[in-house]
Amino acid sequence: MIVLTGDTHREFERIFEFCEEYDLTRDDALVILGDAGINYCLDESDEALKWELSQLDVTLLCVHGNHEERPSEIPSYEEVEWNGGLVYVEPEYPNLLFAKDGEIYSLGCRTAMAIGGAYSIDKYYRLANRLPWFESEQPDETIKAFVEAQLDRAGWQMDYIFSHAAPLQWEPRHAFIPGLSQSQVDKSTERWLDEILRRMLRCDGWFCGHYHIDDQMGPVRILFNDFLELDTEEG
């Protein structure tokens with residue numbers, strides 16, 4: 001079983017409850033669509049959280065969000081192959097996987113690509129209050145080039161896209177924080193995702209987190225608290 005859900009921000013009670021209710025195992029994967037928050041504090045509290053999550057009877061696959069450091073920037077992570085693509089993992093916590101942007105994973109009879117990252121609207125608040133903020137939160141030009149090269153090789157056809165932000169035209173503007181001027185928000189990732197969606201010859205499902213709502217915006221399914229079982233049968 002492959003299940004999708006939205007941001008957890010270090011709060012995993014509903015994840016534990018879901019795994020217990022549905023009797024999941026390490027053969028099942030639960031995809032968090034960014035901001036799992038597992039690599040946020042970069043101290044012993046992260047290690048305590050990882051140990052707790054290592055007790056889960058499920059494999060977590062975390063897409064990169066904007067409230068966490070990229071595993072590629074953390075020396076303890078190594079790249080390993082999982083379902084045909086590369087993920088980041090620490091040997092002590094083998095069920096905690098972090099997707100590498102642009103890698104293509106075989107999920108049953110379907111393919112999925114992860115494209116993480118977003119701009120933090122609370123960036124300056126976090127900096128002013130000495131809270132963690134990560135310069136690597138958005139995909140850089142190297143990541144973007146790799147994603148596009150992978151899509152070139154796939155003929156711009158993919159069963160599923162797992163992102164954190166939504167393509168610009170499908171942002172849930174009704175969920176934006178009132179009074180926050182969007183002119184101050186860096187939309188470069190969303191514009192790039194818009195271009196990717198425009199170039200796709202086939203994409204059967206686009207799923208993202210980030211907005212803390214559960215909604216459908218055109219072809220994009222936004223998840224937060226909901227859990228969605230992914231169809232992995234042959235299309």
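The values are calculated or read from the model by the stated rules, or taken from the named source; none is laboratory data. Because the structure is a prediction, the values reported are computed rather than measured. Cβ placement follows ideal geometry from the backbone for every residue including glycine, while neighbour counts extend to all protein chains displayed. The protein model used for the area step is the full one, side chains on, heavy atoms only, and it has no ligands, DNA or RNA in it. Shrake-Rupley method; radii C 1.70, N 1.55, O 1.52, S 1.80 Å.
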Can you run down the residue pairs with Cβ atoms below 6 Å, 6 or more apart or on separate chains, where the first is in the range 1-15 and part of a strand (DSSP E or B) and the partner is polar (S, T, N, Q)? I2/T232
Residue pairs qualifying under the 8 Å Cβ cut-off, at least six apart or on distinct chains, with the first in the range 33-60 being more than 20 Å from K100 (Cα to Cα) and open to solvent by less than 10 Å² (accessible area, probe 1.4 Å) and the second being among the β-branched types (V, I, T) and assigned to a helix (DSSP H, G or I), are L56/I15
Of the conditions (1) open to solvent by less than 50 Å² (accessible area, probe 1.4 Å); (2) without any contact (Cβ under 8 Å) to a residue 24 or more places away in the chain; (3) touching a Ser or Thr at 6+ places or on another chain (Cβ under 8 Å), W133 satisfies every one except a single condition; which number is it? (1)
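Provide a single number: the residues in the range 201-226 that are closer than 16 Å to Y160 by Cα and either out of contact with any Leu (no Cβ under 9 Å at 6 or more places or on another chain) or open to solvent by 50 Å² or more (accessible area, probe 1.4 Å) (or both).
Taking the range 201-226 as the starting set, the residues that turn out to be closer than 16 Å to Y160 by Cα are 201-209, 216-223.
Remaining after also requiring either out of contact with any Leu (no Cβ under 9 Å at 6 or more places or on another chain) or open to solvent by 50 Å² or more (accessible area, probe 1.4 Å) (or both): 201-202, 204, 216-219, 221.
So the answer is 8.
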Taking the range 177-192 and keeping only residues that are in contact with a helix residue (DSSP H, G or I) (Cβ under 7 Å, 6 or more places away or on another chain) and not acidic (D, E), one is left with K187, R191, W192
Here's a check for you: in the range 150-195, which residue that is in contact with a Lys or Arg (Cβ under 8 Å, 6 or more places away or on another chain) and aromatic (F, W, Y) is surrounded by the fewest Cβ atoms within 10 Å (Cβ to Cβ)? W156
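Determine, yes or no, whether S106 is in a helix (DSSP H, G or I) and within 18 Å of the chain's Cα centre (by Cα).
Details: in a helix (DSSP H, G or I): no; within 18 Å of the chain's Cα centre (by Cα): yes.
Answer is no for this residue.
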From Y88, Y119, which residue is at pLDDT 95 or above, part of a strand (DSSP E or B) and either within 23 Å of M217 (Cα to Cα) or in contact with a strand residue (DSSP E or B) (Cβ under 6 Å, 6 or more places away or on another chain) (or both)? Y88
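Could you list, in sequence order, the residues of the range 12-32 that are within 21 Å of L107 (Cβ to Cβ) and either of a type in the set (F, W, Y) or open to solvent by 40 Å² or more (accessible area, probe 1.4 Å) (or both)? Before you say what the answer is, go through the steps one by one.
The first filter runs over the range 12-32 and keeps only residues within 21 Å of L107 (Cβ to Cβ), leaving 15, 18-19, 22-32.
Within the range 12-32, F18, Y22, D23, T25, R26, D27 qualify.
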Going by the conditions given, is R198 surrounded by fewer than 17 Cβ atoms within 10 Å (Cβ to Cβ), touching a residue at least 12 places away in the same chain (Cβ under 8 Å) and not small (G, A, S)? no
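Do you know which residues across the range 69-117 are at positive phi and out of contact with any Pro (no Cβ under 8 Å at 6 or more places or on another chain)?
We begin by selecting, within the range 69-117, every residue at positive phi; these are 83-84, 102, 108, 117.
The answer is N83, G84, G102, G108.
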Which pairs have Cβ atoms under 9 Å, sit 6 or more apart or on different chains, and link a residue in the range 156-173 that is part of a loop (DSSP other than H, G, I, E, B) to one that is among the aromatic types (F, W, Y)? A165/Y119; A165/Y211; A166/W206; A166/Y211; P167/W192; P167/W206; E171/Y211; P172/Y211
